[in-house]
Amino acid sequence: MIVDILASILFLISALFGTVGIIGLFTFPDAYARLHAGSLASTTAVFTVFIACLFSAPDWHFFARVIVIMLFFVVSSPTGSHVVIQLLWNSGIIPWKQKRNKDV
């Protein structure tokens with residue numbers, strides 16, 4: 001009972017992280033910041049779902065599978081983001097810089 005409530009809370013937190021990531025995708029000015037917001041929020045959202053699944057695991061086989069998937073995700077998520085950032089950089093897309101006001 002308490003484990004189910006804790007898993008439900010973690011699922012709601014995951015939805016919150018995903019929503020914040022989507023907001024970041026639409027509000028940041030350039031591709032670099034958008035990718036950072038999206039990858040950070042999606043990673044935290046997915047890991048929160050995985051932790052909730054660990055709490056609601058029916059047996060140790062399911063628990064072990066989720067742990068293996070988490071380890072794969074730890075490697076693949078930053079690697080995918082790095083590949084996209086390198087593609088952006090090599091394509092000549094420069095990061096956004098805030099214009100400075102000369103009056104100040």
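The values are calculated or read from the model by the stated rules, or taken from the named source; none is laboratory data. Remember, predicted model here, so these are calculated numbers, not experimental data. Glycine gets a Cβ as well: all are built from the backbone with ideal geometry, and neighbour counts include every protein chain shown.
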**OP:** Determine whether Trp96 is of a type in the set (Phe, Trp, Tyr), over 12 Å from the mean Cα position of the chain (by Cα), part of a helix (DSSP H, G or I) and over 26 Å from Leu6 (Cβ atoms).
**Re:** no
Subject >> From Ser77, Ser42, Ser81, residue being touching a residue at least 40 places away in the same chain (Cβ under 8 Å) and crowded, with 16+ Cβ neighbours inside 10 Å >> reply: Ser81
Subject >> Condition check for Ile5: assigned to a helix (DSSP H, G or I) and touching a residue at least 12 places away in the same chain (Cβ under 8 Å) >> reply: no
Original post:
Which of the residues spanning region 24-34 are of a type outside the set (D, E, K, R) and touching a residue at least 12 places away in the same chain (Cβ under 8 Å)?
Top reply: Gly24, Leu25, Pro29, Ala31, Tyr32, Ala33
Original post:
Does region 32-91 hold any residues that are farther than 27 Å from Leu6 by Cβ, touching a Leu at 6+ places or on another chain (Cβ under 9 Å) and among the aliphatic types (A, V, I, L, M), and which are they?
Top reply: Leu35, Ala37, Val84, Ile85, Leu88
Original post:
Does His36 meet the test of being at pLDDT below 90 and surrounded by fewer than 17 Cβ atoms within 10 Å (Cβ to Cβ)?
Top reply: yes
